[in-house]
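The values are calculated or read from the model by the stated rules, or taken from the named source; none is laboratory data. Since the model is a prediction, treat every value here as computed from it, not as a measurement. Positions of Cβ are backbone-derived with ideal geometry, glycine not excepted, and every protein chain shown enters the neighbour counts. Ligands, DNA and RNA are excluded from the accessible area calculation, which covers all protein heavy atoms including side chains. Shrake-Rupley method; radii C 1.70, N 1.55, O 1.52, S 1.80 Å.
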Amino acid sequence: MAEAIAKRRARGGGGAARRAERTAVHFETAKYIERNIPNFEVLNEEALEVIEANAETVLAEIGVNFVNNPAALERWREAGAEIEGERVRIPRGLARKLCATAPSSYTQYARDPGKSVVIGGKSLVLAPVYGPPFVRDAAGGRRYATMADFQKFVKLGYMSKWLHHSGGTVCEPTDIPVNKRHLDMLYAHMSLSDKPFMGSVTEPVRAQDSVEMCEILFGKEFVQNNTVMTSLININSPMTFDDVMMGALEVYAKNNQACIVSPFIVGGAMAPVSIAGTLTQVLAEVLAGIAYSQLVRPGAPVIFGAFVTSIDMNSGAPTFGTPEASLITYGAGQLARRMGLPYRSAGSFNGSKLPDAQAAYESSNSLNMGLLSGVNFMLHACGWLEGGLVSSFEKFVMDADQLGVLHGLAKGIEIDVNAQAMEAIAEVGPGGHYLGCAHTQANFKQAFWKSDLLDYKPFETWEEEGARDTQALASLRVEKMLADYQQPAMDPATDEALLDYIAKKKASMPDAFM
């Protein structure tokens, strides 16, 4: 009798466990993309050689400026460059020779080792929007970002399946002093997510703070021997390297942490209006920046970056999703691969004020060009609005959902026995249908990519449920994701050490909002 009761309890417990399993909160992170499709190449060998030769001419005859940085000028002088004031002219071949020590790929380690990413080769790592001072949602409209907004974005990124990286400044929290906010932002990435993240670059001392916080999180020896941050170093195009960005690069390179060396190009304003001319300037700037990173520490991990857009000649506003930007992105990918370096470009770029049709068109064009151009690290993959001035909660989840399309396309076409489906074709024959055949039953769960956001219901059902558009559905999804969020566990001693470090750093200086 007792045995029978125990068996019933066991069966009941199993049923309860299964019910709990069905209703429990589940979220997963897809592995970073590994392309099984070819890159799209727009430049032939002759064109590539012309651009490469012209970039060498720019470096040797025109030169680049390293401003307010005597140590950088001395490094270049010792390497064999010609120094005139703050102008550095680099002999032909020298920059490319220095760049040869940069690795062709590297692993960025995450707090959860299973979420570490490889950057380079055929990989594509997707990271969220970076830098906007404003946020927008359907309820509150457009407003200055706060730390609470920042934390919400980190949580959404952590729970987004197709996003591999937590990013960096997902928005700029203006309610925290400028000289202290980097500490709170970095702690949010470390504590609210266990995906890889980026460090601060707004001052060299803040880059050093980022390194020291990582040493608490990962261990000092691990940080010195492995890459745990990938951070964005923008070049002040045209051809100017300022002491703030280069100072941050120096800190990260010295500590074996990765930098994206990225020209910031708005064609017609910061580079020529022609595609070939822009590619020449992009290559010259990248060669100089990456070469400098290798002067600081040979072998330091680095990414060939290219943020490129065009300009509206009537208003002066940047434009996105244009054919010119796509052609430059494709061409820069070819140049990066010829250097044997990882490549950063593209994102969910758009100039729209709202997550509307303009935003969707321009973002789709920009995301697809990133996949096809061979990008290895895609910053701004989700959440970008209004030319990068706004991080949008609805746009974040809309884009993050669509990133699944990139995963599906990158798989390419399988041609194994199951994919050939000859048994299914024979089973159904002329005039039949495949809904009930064995092949469909065996494969339907994973056969097609499925949106977690878009509405495919019949009109009557859609109307009964409120006739909601995509932005309304995205608002509901943001609410649900934040309600379902569960913080990843962290060792209490590590958490305490991080909080103590932050408290001491903040106490050591007065607040500054400039």
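Accessible area per residue for the chain, computed on protein heavy atoms with a 1.4 Å probe, is 45 Å². When peptides 64-75, 391-402, 455-466, 486-497 are ranked by their average number of other Cβ atoms within 10 Å per residue, the highest-first order is 391-402, 64-75, 486-497, 455-466.
Beta bridges per DSSP, both residues in the chain: antiparallel share near 45 percent.
Each other residue within a Cβ distance under 14 Å of ARG111 adds +1 if Lys or Arg and -1 if Asp or Glu, for a net charge of -3. Kirkwood hydrodynamic radius computed over region 264-341 comes to 13.2 Å, based on all pairs of distinct alpha carbons. With unit charges on the beta carbon (Lys/Arg positive, Asp/Glu negative), name the residue among GLN446, THR494, LEU435 whose Cα is farthest towards the positive pole of the charge dipole of region 427-514. Ranked along the dipole, the leading option is THR494.
Over all Cα atoms in region 130-214, the spread is summed up by Rg and Dmax: 12.6, 38 Å. Treating the angle as unsigned and between 0 and 90°, give the value, to the nearest 10°, between the Cα long axis of helix 323-339 and the longest Cα principal axis of the chain. Compared with the principal axis, the helix lies near 70 degrees.
With only Cα atoms counted, region 310-386 has Rg and Dmax values of 12.7, 39 Å.
Once the convex hull of all Cα atoms in region 353-487 is built, its volume per residue stands at 194 Å³. All alpha carbon pair distances within the chain were sorted into 20 Å bins beginning at 0; the resulting P(r) in whole percents reads 21, 52, 22, 4, 0. Once the Cα atoms are used to define both axes, helix 243-254 deviates from the longest principal axis of the chain by about 70 degrees. Beyond 19 Å, what percent of the Cα pairs of region 167-250 remain? Cα-Cα pairs of region 167-250 separated by over 19 Å account for 39 percent. Among the listed pairs LYS115/LYS506; LYS152/LYS505; LYS195/LYS353; LYS155/LYS450, those with a Cα-Cα distance over 26 Å are LYS115/LYS506; LYS195/LYS353.
Normalised by the number of residues in the chain, the mean separation of alpha-carbon contacts (under 8 Å, six or more apart) gives a relative contact order of 18 percent. Neighbours of ARG142, meaning other residues whose beta-carbon lies under 15 angstrom from its beta-carbon, give a summed charge of -2 when Lys and Arg score +1 and Asp and Glu score -1. Straight Cα distances below 23 angstrom link LYS445 to the lysines LYS31, LYS161, LYS411, LYS457, with same-chain residues fewer than 8 positions distant left out. Here region 196-311 yields Rg over Rh of 1.03, to two decimals, using C-alpha coordinates and the Kirkwood radius.
Helix 2-23 and the longest principal axis of the Cα set of the chain meet at an angle near 50°.
Ellipsoid fit via the Cα gyration tensor, region 54-159: semi-axes of 40, 22, 13 Å, each the root of five times an eigenvalue, largest first. Taking only protein heavy atoms and a 1.4 Å probe, the accessible area of the chain is 56% carbon and sulfur.
With the highest mean first, a sort of the peptides 142-150, 273-281 on other beta-carbon atoms found within 10 angstrom per residue produces 273-281, 142-150. The charge dipole of the chain, taken about the Cα centre with unit charges on the Cβ atoms of Lys, Arg (+1) and Asp, Glu (-1), comes to about 1260 debye, rounded to the nearest 20. Taking Cβ atoms as reference points and 15 Å as the exclusive limit, the residues near ARG477 contribute a net charge of -3, counting Lys and Arg as +1 and Asp and Glu as -1. In region 109-172, the C-alpha radius of gyration followed by the widest Cα-Cα span (Dmax) gives 13.6, 42 angstrom.
Here the gap between ASP491 and ASP242, fully extended at 0.36 nm per residue and compared with their Cα-Cα distance, gives a gain of 85.8 nm. One quarter of the convex hull surface built on the alpha carbon atoms of region 32-96 amounts to 7.2 nm², the projected area averaged over directions.
Per the Cα gyration tensor, region 357-435 maps to an equivalent ellipsoid with semi-axes of 37, 15, 10 Å, ordered largest to smallest. Packing around the peptides 361-371, 375-385, taken as the average count of other Cβ atoms within 10 Å per residue, puts them in this order, highest first: 375-385, 361-371.
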